[in-house]
Amino acid sequence: MQIDEHDGRGSATFGERMPTDPDEQAARAEQMARRLRNDGVRGVVLSYVDTAGITRIKTVPVARLARAARWGVGMSTVFDVFLSNDLMTSTAQLGSPDGDLRLVPDLDRLVPLAAQPGWAWAPVDRYTQAGEVWAACQRSFARAAVNRAAAAGLTFAMAIEVEWALGRGDSAEFVPACLGPAYGMTRLIELSDYARDVLAALEDQGIEVDQLHPEYSDGQFEVSVAAKDPVAAADDSVLVRQTIRAVSQRHGLRASFAPSVLAGHVGNGGHVHLSAWHEERNLFTGGAGPYGLTAEGEAIAAGILELLPALLGIGAPSVASYLRLVPSHWAGVFACWGHETRETALRLITGNAGIESSAANLEVKCFDLAANPYLLLGALAVAALDGLRRGGRLPPPVTGDPARFSADELAARGIRRLPTTLGASVEALAAADNLRAALGDMLMDAVLAVRRAEADRFRDTPPEDVVAALRWVY
């Protein structure tokens, strides 16, 4: 596998023009619209995720889908610097009321929403009015990262675990919707109809569910879905959460994906699973390295491990994220790796004997669902490719809980504690030149500005107040 300097550092060019003929797209959309109308669909949700991790939308009647596919739908540039409370910050290039973008639906992902009868959904790519890819389009960034890896002969399969806390009532407080024990059958019995409807809605929308189960924290559940290429995996993460919210509401319940729902309790994670492939060979198995890692697989893992402090500024983007990142809570707060070790930030999963070739993957545990999934998965691809280019090697693996080591022992083993505040992770991100090269100045500056503004917003705020402010935002 040949990796050159350009492949490793990437490029901020996400693409110059709309990738397909607009007239062909419009004709295709008109055919799809006819089928949607026959199925009772009346509106299409066009969605993207902003820098703060909030899903923003416009909707169009089905009759206007073809026009949206041909010309896009207008949206201000200012949303790239929106905060989670709908106020805004600014950068040298963003924050002005001037200008407009076009939201163009990806018709390949358009799907009727099983839990929102009469509606369909499609993610969008964002373009300028001249038809050029918008330099701060996070979905286009993820696609560009995937394309650069493919040019080097590398493909990824990724998935984001979705954890949520399910509450009753519509007050600002959180009242768990079930009382059964963690991972217990009792909790599923209490919410049997609800869980069935979640599975049914996801299946109807073409989402392949691997498992659904009660989780550890109060009223908490988790769903895992099949891995896909990074852009499709990010799309799935958005759609899965939208579906869970809709099913929850139809059952008179309320879902929170916030990193911390109750101060001092276990929060909601958004662990990422990823495998890397070259010519249909899984690079995380079948090699001579530790636990079967190939040299390429080890280099990829080493690239991610080295960049974890900076990646935390993308994947743990909220002040509430750092209330979840507590040692000895399986949150992965130490920058180290281990084989099936749930306290390390990187957990190598080799799978059962006989299925290693398909099952071996790397779990990154320190991220949560406040992250923009396109930014996160794209940045992981950049880190992986950079590690591969440099031929990185992993330090010795860790067994057990790294929290048992003293500060001197951690230093001797080369184990770093990941940043404990949003401000610290943002500064690590700001220093990551390889991520800036891939993101480009406009997108990187937007991420840094939004993160710093979020940190300033909650400076000296007690944890209980942070949690209350963000509990129902994510």
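The values are calculated or read from the model by the stated rules, or taken from the named source; none is laboratory data. Keep in mind that this is a model prediction, so the values were computed, not measured. With ideal geometry, Cβ positions are generated from the backbone for all residues, glycine too; neighbour counts draw on all protein chains shown.
Looking at segment 394-430, which of its residues are without any contact (Cβ under 8 Å) to a residue 12 or more places away in the chain, part of a loop (DSSP other than H, G, I, E, B) and surrounded by fewer than 16 Cβ atoms within 10 Å (Cβ to Cβ)?
Passing the criteria: only S406.
All but one of (1) at pLDDT below 95; (2) more than 26 Å from A469 (Cα to Cα) hold for L179, so report the exception by its number.
(2)
Has segment 210-219 got at least one residue that is among the aromatic types (F, W, Y) and surrounded by fewer than 21 Cβ atoms within 10 Å (Cβ to Cβ)?
yes
Is it the case, given these coordinates, that A379 is out of contact with any strand residue (DSSP E or B) (no Cβ under 7 Å at 6 or more places or on another chain), touching a residue at least 24 places away in the same chain (Cβ under 8 Å) and crowded, with 24+ Cβ neighbours inside 10 Å?
yes
Could you tell me whether segment 190-200 includes any residue that is touching a residue at least 60 places away in the same chain (Cβ under 8 Å) and either under 27 Å from A359 (Cβ atoms) or touching an Asp or Glu at 6+ places or on another chain (Cβ under 8 Å) (or both)?
Yes, the conditions are met somewhere in segment 190-200.
Residues in segment 111-120: is at least one at pLDDT 95 or above and closer than 30 Å to I300 by Cβ?
no
Could you list, in sequence order, the residues of segment 24-52 that are among the charged types (D, E, K, R), touching a residue at least 12 places away in the same chain (Cβ under 8 Å) and within 24 Å of V231 (Cβ to Cβ)?
Those that are among the charged types (D, E, K, R), touching a residue at least 12 places away in the same chain (Cβ under 8 Å) and within 24 Å of V231 (Cβ to Cβ): R28, D50.
How many residues does segment 385-409 hold that are hydrophobic (A, V, I, L, M, F, W, C) and within 29 Å of A276 (Cα to Cα)?
4
Taking the conditions exactly as written (over 25 Å from F141 (Cβ atoms), crowded, with 21+ Cβ neighbours inside 10 Å and not aliphatic (A, V, I, L, M)), does G252 satisfy them or not?
no
Here is a yes/no grid of residues against (1) touching a Ser or Thr at 6+ places or on another chain (Cβ under 9 Å); (2) at pLDDT 95 or above; (3) among the small types (G, A, S):
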| residue | (1), (2), (3) |
| --- | --- |
| T186 | no, yes, no |
| E190 | no, yes, no |
| I207 | yes, yes, no |
| A232 | no, yes, yes |
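Filter segment 420-447 for residues that are over 11 Å from A310 (Cα atoms) and of a type in the set (A, V, I, L, M) and give the result.
A437, A438, L439, M442, L443, M444, A446, V447
I need a count of the residues in segment 154-186 that are of a type in the set (S, T, N, Q) and in a loop (DSSP other than H, G, I, E, B).
Number of matching residues: 1.
Is one or more of the residues making up segment 404-426 of a type in the set (G, A, S), over 19 Å from the mean Cα position of the chain (by Cα) and modelled with pLDDT of 95 or more?
Among the residues of segment 404-426, at least one is of a type in the set (G, A, S), over 19 Å from the mean Cα position of the chain (by Cα) and modelled with pLDDT of 95 or more, which makes the answer yes.
Just need a number here: residues in segment 375-393 that are in a loop (DSSP other than H, G, I, E, B) and either among the charged types (D, E, K, R) or within 25 Å of T55 (Cβ to Cβ) (or both).
1
Going by the structure shown, is Y194 among the hydroxyl-bearing types (S, T, Y) and not in a helix (DSSP H, G or I)?
So Y194 does not fit the description; no.
Residue check, I57 against (1) without any contact (Cβ under 8 Å) to a residue 40 or more places away in the chain; (2) over 18 Å from S140 (Cα atoms), all met but one. Which one?
(2)
Taking segment 315-330, which residues are closer than 12 Å to T420 by Cα and of a type in the set (A, V, I, L, M, F, W, C)?
A316, V319, A320, L323, L325, V326
Whether any residue in segment 235-253 is under 18 Å from the mean Cα position of the chain (by Cα) and either without any contact (Cβ under 8 Å) to a residue 24 or more places away in the chain or farther than 22 Å from S84 by Cβ (or both) is what I want to check.
Checked against the condition, which is being under 18 Å from the mean Cα position of the chain (by Cα) and either without any contact (Cβ under 8 Å) to a residue 24 or more places away in the chain or farther than 22 Å from S84 by Cβ (or both), segment 235-253 yields at least one hit.
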